[in-house]
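Chemist: Input: one structure, supplied below.
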Amino acid sequence: MRKLLMLVLLTLTIQAAEIGVNEHLGTMIPLDMTFINEKGEKVTLKKMMDGKPTMLSLNYYRCRGICNAQLSDMAKMLGELDLAENTDYKVITVSFGEGETPVMAKAKRKTMLEAIPRDFVQDAWHFYVSDGNSSAELAKDVGFAYKKEVSKAGVVDYIHPGTLVMISPKGKVTRYLNGINQLPFDVKMALMEAGEGKTGPTIAKKLLLCFAYDPKGRTYVFQWEKITGIVITLIMIFFFIYLVKTSGREEKDNQQTKGDE
């Protein structure tokens, strides 16, 4: 039983390392990397960013999972963001899906721009596909780990995280905002820090585990419900381990008793 438990924990650890966000704060991304835009043109990352702090999302356009939810939330959030798009920041969405085309990028961009609930400078948000292996290289540089899966019917899907990566005008990774729902205030602060080249801790990991954001007070408030849930979960884990150890001792005692007889 103990061996089985260790095997399960080891498997979960390996999967977590293979898929997720392995933060590379302070990493400098090569600005000469090239991608293909919606018009089929080859563009460098430097030109894509245009000397502005940049918000990067990594998605794939055929995604039937969290990509649509994340991009839709980005459109809503950008409509509420208290910064001037294309002046204070740029947004780039890069597909890591193999075989995706500029036509697909164009269609996705049109849908997302139309979803922004206000007049938005359309040149501020562009969608790209890989030029050769550039998308995979970019994902590796920012620590975005995903896994390709092919069904028996030959359908390709990817298991991947959802995150926004903030990049300074010089190409430094300054912050991660993990998850598919982002608050405009958090994004604004992260973009302002990126503009100054300052790296910062990931709020989603450091605060939101136990805190929730109060938009009126613009601060984080403690949530007892989350702590209670964590404590109950830990108690259940320890109780399970206790049962495993107890059953092991009983088996050992029974074997010794039979040996003495």
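Just so you know, all these numbers are worked out from the coordinates, no wet-lab data involved. Small disclaimer: the values here were computed from a predicted structure and weren't measured. Cβ sites come from the backbone with ideal geometry, for glycine too, and all protein chains shown count toward neighbours.
Chemist: List the relative contact order of the stretch 22-200 as a percent without decimals, with contacts defined as Cα pairs under 8 Å and 6+ residues apart.
Modeler: 33
Chemist: If you add up the charges near A69, with Lys and Arg at +1 and Asp and Glu at -1, over every other residue whose beta carbon is less than 14 angstrom from its beta carbon, what do you get?
Modeler: Result for the neighbourhood of A69: +2.
Chemist: Between the stretch 137-164 and the stretch 65-88, what is the C-alpha centre distance in whole Å?
Modeler: Each part's Cα centre sits 22 Å from the other's.
Chemist: Arrange the peptides 132-141, 79-88 so that the one whose residues have, on average, the most other Cβ atoms within 10 Å appears first.
Modeler: Top to bottom by mean Cβ count within 10 Å: 132-141, 79-88.
Chemist: If you take the beta carbon distance between V121 and M28 as r and set R0 to 30 Å, what does 1/(1 + (r/R0)^6) give as a FRET efficiency, to the nearest 0.05?
Modeler: Result of the calculation: an efficiency of 0.60.
Chemist: Mind checking the dipole of the stretch 22-200: about its Cα centre, +1 per Lys or Arg Cβ, -1 per Asp or Glu Cβ, Debye to the nearest 20?
Modeler: Value, rounded to 20: 320 debye.
Chemist: Further question: Taking a 27 Å limit on the Cα-Cα distance, which of the listed pairs K39/K76; K106/K198; K52/K110; K39/K152 fall beyond it?
Modeler: Distance filter (> 27 Å) returns K106/K198; K39/K152.
Chemist: Using modelled backbone amide H atoms (1.01 Å from N, in-plane), which distant-in-sequence or interchain residues come within less than 5 Å of G162's amide H?
Modeler: Long-range HN contacts for G162: G179.
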